[in-house]
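These notes concern the structure reproduced below.
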Amino acid sequence: MANGVLKKLPEDLVFLILLTFPVKSLLRFKCISKAWSILIQSTTFINRHINRKTNTKAEFILFKRSIKDEEEEFINILSFFSGHDDVLNPLFPDIDVSYMTSKCDCSFNPLIGPCDGLIALTDSIITIILNPATRNFRVLPPSPFGCPKGYHRSVEGVGFGLDIISNYYKVVRISEVYCEEADGYPGPKDSKIDVCDLSTDSWRELDHVQLPSIYWVPCAGMLYKEMVHWFATTDTSMVILCFDMSTEMFHDMKMPDTCSRITHELYYGLVILCESFTLIGYSNPISSTDPVEDKMHIWVMMEYGVSESWIMKYTIRPLSIESPLAVWKNHILLLQSRSGLLISYDLNSGKAKELNLHGFPDTLSVKVYKECLTSIPKGNEYNTKVQKF
């Protein structure tokens with residue numbers, strides 16, 4: 001009966017009605033008819049659904065943490081949450097992804113993205129692309145690029161985004177290759193850039209790229225306006241290193257004047273606050289900073305790419321954190337404590353709250369995302385397949 005009524009509606013009206021539904025409902029609606037299934041899976045519908053107007057109630061959270069087991073190895077866990085009134089509610093059971101990532105080291109195992117609802121989970125070897133809403137994932141082939149005998153290759157930064165010119169997704173990795181000197185210290189370093197095109201699953205190296213040294217912190221590798229951003233150090237200052245996913249060109253962006261000085265006392269993170277490019281300055285967790293002076297400063301770039309437009313938006317009382325992680329609902333700052341707890345801080349009220357989620361210290365990673373129907377590129381027929389969590 002209902003199906004008969006729906007068939008009488010104009011196609012344009014059906015299209016607009018379906019745009020208002022969440023991903024979970026749309027996945028069920030694909031079973032109603034072949035026409036609906038084709039419509040919901042069409043590129044036009046998926047793109048319109050991604051770009052539809054939503055509010056912060058439509059934001060969800062993907063949470064990654066690591067737990068040490070009895071064998072002193074790390075179990076890596078993904079959790080999926082919706083939220084209301086600063087309370088996180090599980091969407092699905094937790095997923096153990098240890099079989100897809102390193103069990104021996106969890107210090108470099110970040111979530112990267114989101115881009116059109118897709119998120120990358122990486123370590124120094126493996127990259128996984130996943131859609132938390134459809135619960136699909138695919139493991140990318142590893143990069144074939146190594147280094148000569150006697151040298152070491154260390155991945156310092158990873159990015160994930162869309163090439164808007166060619167309309168396909170890319171993963172970019174920045175590595176430092178160096179030899180080990182006789183005294184045990186690294187010798188001269190050389191930057192290597194690997195790019196993976198997800199349309200073909202082919203890795204390639206960018207030639208003749210000279211970069212400042214990547215300054216690894218947990219809250220970096222952020223995608224904003226088709227650019228990936230990391231922190232880096234030059235001979236004289238700290239900068240934000242930017243990579244254009246379409247042109248594959250690098251450039252530096254200046255930090256606020258008071259933040260550009262190279263120091264071991266301060267760390268920085270990048271987040272998106274009210275759709276603006278935002279810098280967070282906080283004390284190095286192992287520094288000897290006086291707790292009374294241990295404040296966090298939040299800078300917002302009012303006009304993206306214009307260094308003179310930085311303004312200090314907030315100064316937050318001491319929280320003794322390991323690092324910032326993300327901004328949720330435009331006013332809730334998610335952080336990890338030095339003991340591995342997930343903390344929320346309300347920028348409006350100034351109240352901090354422990355969220356009863358924890359992992360091994362310095363392993364927490366959070367991505368705030370909006371549900372999308374975006375399909376994970378399949379690569380070619382000889383590569384890995386899309387699977388379900």
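Set side by side, the residues Ile262, Ile286, Ile311, Ile272 differ, and just one is part of a loop (DSSP other than H, G, I, E, B), under 22 Å from Tyr345 (Cβ atoms) and either modelled with pLDDT of 90 or more or in the same structural domain as Ser349 (by TED's automatic domain parsing) (or both), which is Ile286. Restricting attention to the range 232-248 and to residues that are under 20 Å from the mean Cα position of the chain (by Cα) and either small (Gly, Ala, Ser) or part of a loop (DSSP other than H, G, I, E, B) (or both), the residue that is modelled with the lowest pLDDT turns out to be Ala232.
Listed here are the strands (runs of 3 or more DSSP E) enclosed by the range 150-229 that have at least 3 residues being without any contact (Cβ under 8 Å) to a residue 24 or more places away in the chain: 186-197. Only strands (runs of 3 or more DSSP E) whose full extent lies in the range 340-389 are considered here, and the ones with at least 2 residues that are β-branched (Val, Ile, Thr) are 365-370.
Within the range 91-110, track down each residue that is at pLDDT 75 or above and in a loop (DSSP other than H, G, I, E, B).
Hits for the range 91-110 are Leu91, Phe92, Pro93, Asp94, Val97, Pro110.
Residue count for the range 124-149 satisfying the condition of being surrounded by 19 or more Cβ atoms within 10 Å (Cβ to Cβ) and either touching a His at 6+ places or on another chain (Cβ under 9 Å) or without any contact (Cβ under 8 Å) to a residue 24 or more places away in the chain (or both): 0.
Sort out which residues of the range 107-119 are within 22 Å of Gly340 (Cα to Cα) and of a type in the set (A, V, I, L, M), and write them in order of number. Passing the criteria: Leu111, Ile112. Any residue at all in the range 32-44 that's at pLDDT below 90 and either touching a Ser or Thr at 6+ places or on another chain (Cβ under 7 Å) or acidic (Asp, Glu) (or both)? Within the range 32-44 (the criterion being at pLDDT below 90 and either touching a Ser or Thr at 6+ places or on another chain (Cβ under 7 Å) or acidic (Asp, Glu) (or both)), the answer is no, since none of the residues qualifies.
Considering only residues in the range 220-250 that are among the hydrophobic types (A, V, I, L, M, F, W, C) and in contact with a Lys or Arg (Cβ under 8 Å, 6 or more places away or on another chain), the one that is nearest to Arg173 (Cα to Cα) turns out to be Met245.
The values are calculated or read from the model by the stated rules, or taken from the named source; none is laboratory data. Keep in mind it's a predicted model, so treat the numbers as computed, not measured. Every residue, glycine among them, receives a Cβ derived from its backbone with ideal geometry; neighbour counts consider all protein chains shown.
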